[in-house]
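Let me begin by presenting the structure, written as structure tokens, before commenting on it.
Please treat every number below as a calculation from the coordinates, not as lab data. Note that the structure is a prediction, hence the values are computed from the model and not measured. In this analysis, Cβ positions are derived from the backbone assuming ideal geometry, glycine residues included, and neighbour counts consider all displayed protein chains.
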Amino acid sequence: MAHGGGGRAMAQLLDSLFRPAFDNPWLERQHDGAVLDMPGSIAFTTDSYVVRPLFFPGSDIGAMAVHGTVNDIAMCGAEPQYLSAGFILEEGLPLATLRQVVESMATAARATGVRIVTGDLKVVERGKADGLYINTAGVGRVVAAHPIEPGQVQAGDRLLLSGDIGRHGIAVMAAREKLDLESAIESDCASIAAPVLALLNEGISVRCFRDLTRGGLASGVVEVAETAGLAAEVREADIPVREDVSAVCELLGLDPLHVANEGRFIAVVAPEDVDRAIAILRRHGVSEAAVEIGQFIEGSAGRVTAQSLIGGSRIVDRLSGEQLPRIC
Amino acid sequence: MTQGNAAEPLLTRWRISVRGVVQGVGFRPFVYRQATALGLSGWVENSPEGVEIEAEGDPLVLERLISELKHQGPVSARVDDIRTAPVDRNGVFRAFTIRESQTRGEPSVKLPADWAPCPQCLQELHDPDNRRYRYPFINCTDCGPRYSLIEALPYDRASTAMRHFQMCGRCLAEYQDPGSRRFHAEATACPDCGPRLAFCRSDGSILAQDGAALAEAVEVLAAGKILALKGLGGFQLLVDARNAQSVQALRERKHRPDKPLAVMFGSMAALQRVCRVSSEERQLLAGPERPIVLSHTRNHGLADNLAPRREELGVMLPSTPLHELLLGDLGFPVVATSGNRNGEPIAYDNEDARARLGDIADGFLIHDRPIVRPLDDSVARVTAGHPQLLRRARGYSPNLALPFPVSPGWGATGGHLKTTLALSTDSGVVLSPHLGDMDSALGRDGFDRTVDSLQTLFATRPQYWAHDRHPDYFTTGRAVALGSKQCAVQHHVAHIAAVMAEHGLHEPVLGVAWDGSGFGDDSTLWGGEFLSLDARGYQRLAHMRPFRLPGGEAAMREPRRSALGLLYGVMGEGAMEQETLPPVSDFTRAERWLLVQALNAGINAPETSSVGRLFDAVAALAGLCQKASYEGQAAAELEAMVDREGKPEPYRFDLSSPDTDGPWRVDWGPAIEAVLADMARGAPVSDISTAFHAGLVNVIVRVAEQAKLSRIVLGGGCFQNASLLESTITALRGAGFQVFWPCQVPANDGGLALGQLAWATRLNQKGEATCAWPYRDA
Ligand SMILES: [Fe+3]
Ligand SMILES: [Mg+2]
Ligand SMILES: [Zn+2]
Ligand SMILES: [Zn+2]
């Protein structure tokens, strides 16, 4: 990779790689930006992707860069439509690697029905950018008739989880540290837009969505509860965690509730809509294992308790990231 | 001594202000009696600050009254300060009177703690002719519930839980009679007007009351079943201490497989049939605070599963008239453990107790006197001849006698486990009782309630809050929410500052802070620290060689992980091949392989210099304990193996000077090699334990000699290890050092709040409070 100063080499790269891969009329126009026709409210979000390694079981940085931003748009109660993509490449990155990432992005975008309509590419010196960073931003059309946000959550609302947790974080960690796990654990990286839109379109009273990326289920629930000024309780036994994931977590002293996901979300819904919402979620592959895991209650704002099997309960805290034991 | 009217020109009138623990302890009737006997006229009253007196008479006689106030007060009173000032002789005093309480101003009086029945009350309790014969709530101004039932100050019946009980004529007469032991005994009651006992099932159905309720409880215990009893500060779970099966049932229902259980005996004689108690221990046991005392046992006739693999047993005497009656009727000792579920705070409300303890207890002996402030039983032991508190609660809370003033207006939120809370007020430092662990919702609720109620009780709203540096302690978040300014105090500095505070030290000291772990200034886990502290600041002089803890917090529950991390520090991946070592073989090959990869990669494997974890590692290597079911189990089981008469060669710890001007490092390498060699040749565990303890003591003395400071302060949970503490004291004294250790406040994290407060306000400073770090805006 030596496509430095924006000259002929860069143009070649766009012609041979990006435009064919992302294949849409906006890119074909070869203009400075994309002109979009979007009536009504739009949701707008951005995120940067710096995951190491670039490829890991079940997914890669390219698919993550699409799904991550698509999912954030969906969490606003909107249908994801257009993305931008900015690339920062380390000089010397094999072209084949870049091609693989771009194709993965294209596949992810196609599967989700979003278009990557504008972008940017920069190459930085060797030793910087760890090979490749990607930033994506995206917009989507708001479909929810009312605000979808933590402030809408009321005591008594139920907490639905779209599937098993902890796989993405473990898969990436195992790939990065070259851990020799007994069974391959694959990232859950996926778009969650379809089931989210289905819930909204079928009139479920959704108060709030939250995708469970960094900080895991624990951070997601604590943050929503904090903003809502409520407490929450979850039933540990009802939270799906694959056996191999929980075995690795237990041995490494990690709490699956704190491990990152890339294709999981919580939906907070009115109690009377629980059964219907679960049925809708289960119709979609990405949320076919959706379950109700608990509810919001009056109480100390942001306090989340997990009821364990043996009848005890523990507090689920959002941690600072220092990850140092608190026991003296 | 009487003054005739003819000598009127000789009369003077003094205003006398008394400060200290002087309310609710019979101080006013005492003043009344002394003043009347001396022929003085005037009055005495409770004020928000303490007791105020105006007395008129001959100056010499007034002097004599002052001296009597100082030296002859009631048993539970503690006079800190007496001030006198002459006042104008306005009006005429006809006699000496007790006046009603004033309610103006800020309350800053010290609250009396809750005490066991006094000898006179006990005598009445057992006297068939007394109207309070076998009345379980008998008390007087010298004894009974105080802090636990006070709702507000000044301390008057109307602001206690006793306001729910209207005194009968006879009780009222005693209450109003300055000559009576029950003059203004705020909690006084009798069978006609006071609280009543009831026996009920967990569904709340009452089966019996009064004496019959007690009889039902006796029957439950005699049948080997579990009784939940509402004690003074909360519920306790009781079971026949002779019956191993019953004890086992309690352990199973409480999910507490190994943790030692305390035993209550009906009398000192019964206790001495089982335990060898020294005279200091006897004094501690029989004192009005009635703590649980850890003592060496003979274990005659008690169940063998009370304190598995431990040498000490917690023993105690009845702490209330109710316990006195129950134990008397039973005729055998009972296990008495806190009425809680594992990890939660003690239950103290009837409804709540039935809900939380319903599937543990077979019956409930309750009463209708509400507990306003929950209190666990205190735990103490005698160390080097002095009482040492391991858990500070009933009988001691909330007062703390410090030998110096502390700037008022500060709070400190303590640690994450064994949390206590400290406030500085105009009249001194208040330390909350043990509030338990902040990992449960109930624990956090209890903390928040105590913050509110102590601030209200002492009419103080500190703006400055000290806290631990750990960002994820619950109490760190609370300090930020509570104050407008915060001061983060390093964990081990707080441990040492707490001991300096209680001993009034402000000179430079060498602090040896050894514990499980605390957040260090370099964001690693500290726990084997040698710190020099003086009024200006502190320096980390030396620390234990760090090693990694595979699994982070999981290592706190599994000593085998500490051992693996330690071995990894010595021999790298080769550690995993040491299959003859118990902690290694306790993992499967696959588990070991994953853990070594996690250690290589530094995944959730924080570095620690903790001596607590070093104890865990050695206990695991010696085959004692691979997984712990309670905190400190491995270290305690290793301690129990110490042979005090044994003289194996102490293990060697190397003291290496730093490359630059950083701290020295205490290297456990040679000691661990010696452990492995001893294991390989099949040496008895007691030799290993003894040599390990002795090696640690030696290295403390060596660091002390290097540090060239004459005062050594010991703190942190590792010094709950009596063997380590006592031999360290002896060795340091032998080498010419002055040694200080935690006595009034626990060595463990229960002492952090005091240390934080003392450090943040700086020892012995008045006026403007200073802080070790720049204030951080909330
Ligand atoms: Fe500590
Ligand atoms: Mg995102
Ligand atoms: Zn008494
Ligand atoms: Zn009465």
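Just a few scattered comments:
- The residues packed around residue B:219, meaning those with a beta-carbon under 13 Å from its beta-carbon, carry a net charge of -3 if Lys and Arg are +1 and Asp and Glu are -1.
- Cα-based helix-to-principal-axis angle, B:441-457 vs chain B, degrees rounded to 10: 40 degrees
- Rounded to the nearest 0.05, the FRET efficiency derived from the C-beta distance between residue B:269 and residue B:480 at R0 = 51 Å is 0.45.
- Charge tally for residue B:15 (other residues, Cβ to Cβ under 13 Å; Lys, Arg +1; Asp, Glu -1): -3.
- When the helices of chain B are scored as -39500 (n - 2.57) per DSSP H run of n ≥ 4 and the total is divided over every residue, the value at 222 nm lands at -9500 deg cm²/dmol.
- Charged neighbours of residue B:712, selected by a Cβ distance under 11 Å, balance to +1 (K, R count +1; D, E count -1).
- Computed lengthening from residue B:283 to residue B:126, 0.36 nm per intervening residue step minus Cα-Cα distance: 54.3 nm
- Once the Cβ-Cβ distance of residue A:214 and residue B:536 is raised to the sixth power relative to R0 = 56 Å, the FRET efficiency obtained is 0.85.
- Comparing Cα centroids, region A:259-303 and region B:368-430 end up 45 angstrom apart.
- Degrees, to the nearest 10: A:61-75 long Cα axis against longest axis of chain A: 50 degrees
- The magnitude of the dipole of region B:197-367, with charges of +1 and -1 set on the Cβ of Lys/Arg and Asp/Glu and taken from the Cα centre, is near 500 debye.
- Calculated mean residue ellipticity at 222 nm for chain A: -8500 deg cm²/dmol, from DSSP H runs with n ≥ 4 weighted as -39500 (n - 2.57), summed, divided by the residue count and rounded to 500.
- Rg [Å, one decimal], Dmax [Å, integer] - chain B, C-alpha atoms: 27.8, 101
- Here, P(r) means the percent of Cα pairs in each 10 Å bin from 0 to the largest distance; for region B:5-98 it is 17, 56, 24, 4, 0.
- Dipole magnitude (debye, nearest 20) for chain B, charges at Cβ of Lys, Arg, Asp, Glu: 740 debye
- Principal axis box of chain A, alpha-carbon based, largest edge first, Å: 67, 49, 31
- Among the trypsin sites (Lys or Arg not before Pro) in region B:524-621, those placed in a DSSP loop whose Cβ has at most 13 other Cβ atoms within 10 Å are B:536.
- Applying 0.36 nm per residue to the separation of residue B:192 and residue B:524 and subtracting their alpha-carbon distance, the gain on full extension is 113.3 nm.
- GluC sites (Glu not before Pro) within region A:211-296, DSSP loop, no more than 15 other Cβ atoms inside 10 Å: A:288
- Here the contact order of chain B, divided by its residue count and restricted to Cα pairs under 8 Å and six or more residues apart, works out to 11 percent.
- Unsatisfied cross-links (Cα-Cα over 20 Å) in the set B:230/B:259; B:259/B:627; B:254/B:627; B:259/B:647; A:178/B:627; A:122/A:178: B:230/B:259; B:259/B:647; A:178/B:627; A:122/A:178
- Per-residue extension of 0.36 nm, minus the Cα-Cα distance of residue A:244 and residue A:19, leaves a gain of 76.9 nm for this segment.
- Relative pair counts by distance (%), Cα atoms of region A:150-316, 5 Å bins: 2, 9, 19, 22, 20, 15, 9, 4, 1, 0
- All C-alpha to C-alpha distances of region B:197-367, sorted into 10 Å bins beginning at zero, yield P(r) values of 11, 42, 37, 10, 0 percent in whole numbers.
- Using every pair of distinct Cα positions in region B:476-610, the Kirkwood expression returns a hydrodynamic radius of 16.7 angstrom.
- Dipole orientation for chain A: of the candidates A:306, A:75, A:316, A:75 has the Cα lying most toward the positive pole (charges on Cβ; Lys, Arg +1; Asp, Glu -1).
- Over region A:1-123: Kirkwood hydrodynamic radius from C-alpha pairwise inverse distances, Å: 15.2 Å
- Considering only B:663, B:194, A:12, and ranking their Cα positions along the charge dipole of the protein assembly as shown that arises from unit charges at the beta-carbon of Lys, Arg, Asp and Glu, the one farthest toward the positive end is B:194.
- Each of A:270, B:430, B:440 was scored by the projection of its Cα onto the charge dipole of the protein assembly as shown, and the greatest displacement toward the positive side belongs to B:430; charges sit on the C-beta of Lys, Arg, Asp and Glu.
- Region B:626-642-region A:162-201 distance, computed between alpha-carbon centres (Å): 40 Å
- Within straight-line cross-link reach of residue B:70, aspartates and glutamates at Cα separation under 20 Å, skipping those fewer than 8 residues along the same chain: B:45, B:49, B:52, B:54, B:56, B:58, B:80, B:81, B:142
- For the protein assembly as shown, the equivalent ellipsoid built from the Cα gyration tensor has semi-axes of 60, 35, 30 Å, listed from largest to smallest.
- Order of B:207, A:309 - criterion: other Cβ atoms within 10 Å of each residue's Cβ, fewest first: A:309, B:207
- Spatial separation of Cα centroids for region B:553-570 and region B:445-473, in angstrom: 35 Å
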